[in-house]
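Structure first, commentary second.
The values are calculated or read from the model by the stated rules, or taken from the named source; none is laboratory data. Being a predicted model, the structure only gives us computed values, none of them experimental. Cβ coordinates were reconstructed from backbone atoms using ideal geometry, including for glycine residues, and neighbour counts include every protein chain displayed. The protein model used for the area step is the full one, side chains on, heavy atoms only, and it has no ligands, DNA or RNA in it. Shrake-Rupley method; radii C 1.70, N 1.55, O 1.52, S 1.80 Å.
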2 protein chains.
Amino acid sequence: MLAPDRLSSTFQALADPTRRAILARLSQGEASVTELAAPFSMSMPAISKHLKVLERASLISRGKEAQWRPCKLEAAPLEAASDWVEQYRAMWEARFDRLDAYLKEVQEKEVKPTTRKRNAKGKR
Amino acid sequence: MLAPDRLSSTFQALADPTRRAILARLSQGEASVTELAAPFSMSMPAISKHLKVLERASLISRGKEAQWRPCKLEAAPLEAASDWVEQYRAMWEARFDRLDAYLKEVQEKEVKPTTRKRNAKGKR
DNA sequence: TTTGTATTTAACCGTTTGGTTATATACATT
DNA sequence: AATGTATATAACCAAACGGTTAAATACAAA
């Protein structure tokens, strides 16, 4: 729970199936703690802790209505997380494009040899 | 390290700045363990453990070349992670759209109340 | 064969996580 | 005021995390 940076605590909050299920539920609208707890065979305090993790990651916010503390999704951090992932996914795909180009080039210049394990180049 | 499901272990692997930095470095090409360790003031075994986490999350794969174990990015799990995030981000935005529609409807029927603040959504 | 380099494994340590049960708090209803 | 309902907190626990140092392994070079 010692949150280092925002991105880390977002990913960490998402790294639990219970919490992801809670977010899934909340994506359809606000819900009380008991409502959120219903699908799980888990004690209320356990759910309460999960909610606190989500809250500290700013993935949810909570209201106050009589004895209920309705939770609602706050998806802003998801945007940062998504951006991060997309960034590296893009880089990875770019690398593959370059590899494709390289392979194509090689095929034009060389006679296809016996199936060769590609050797990792560019080392020092 | 006790990987429950794939998505969880992906997010968990991403929930650490050192590991994200390693992935960032790898997005520019393969690297040996010592090369990857260089930017960090951390012991080699620590890096080795981080690499193992990334490997078990299938975010990297490793080769064998003399005494080196070159690491390379495997971005397939990033796709699943990205898909998950995008899904809920989309739902969240849909919710906002519905809220917009609702507010508009209300505005037509009622007297406009005190200025309502609009949410940041233009980012995409 | 010895030495050096790259990397992993082992053993350990303090902190965090994810759960539990039992208790406390806050509010509504009777 | 007493009771019921919704939720949070406290205290505890085992396991996992993220790091350490020291030792083992694997291969290359001399």
Next on the checklist: Against the condition acidic (Asp, Glu) and modelled with pLDDT of 95 or more, how does B:Glu55 come out, does it pass?
Outcome noted: yes
Checklist entry - If we only count helices (runs of 4 or more DSSP H) wholly inside the stretch B:1-98, which ones have 3 or more residues that are within 29 Å of A:Glu79 (Cβ to Cβ)? => result B:6-14, B:17-26, B:44-56
Checklist entry - Which of the following residues is within 16 Å of DNA strand C (Cβ to nearest atom) and either within 21 Å of B:Arg20 (Cα to Cα) or of a type in the set (Ser, Thr, Tyr) (or both): A:Leu59, A:Leu51? => result A:Leu59
Checklist entry - Picking from A:Glu65, A:Glu86, A:Glu35, A:Glu55, which residue would you name as being open to solvent by 30 Å² or more (accessible area, probe 1.4 Å) and touching a strand residue (DSSP E or B) at 6+ places or on another chain (Cβ under 8 Å)? => result A:Glu55
Next on the checklist: Please verify whether A:Pro45 is within 29 Å of B:Arg25 (Cα to Cα), open to solvent by 80 Å² or more (accessible area, probe 1.4 Å) and within 12 Å of DNA strand D (Cβ to nearest atom), treating the condition exactly as stated.
Outcome noted: no
Checklist entry - Of the residues A:Glu35, A:Glu30, which is free of Cβ contacts under 8 Å to residues at least 12 places away in the same chain and within 12 Å of DNA strand D (Cβ to nearest atom)? => result A:Glu35
Checklist entry - For the stretch A:5-17, does any single residue satisfy the condition of being more than 16 Å from DNA strand C (Cβ to nearest atom), at pLDDT 95 or above and surrounded by 13 or more Cβ atoms within 10 Å (Cβ to Cβ)? => result no
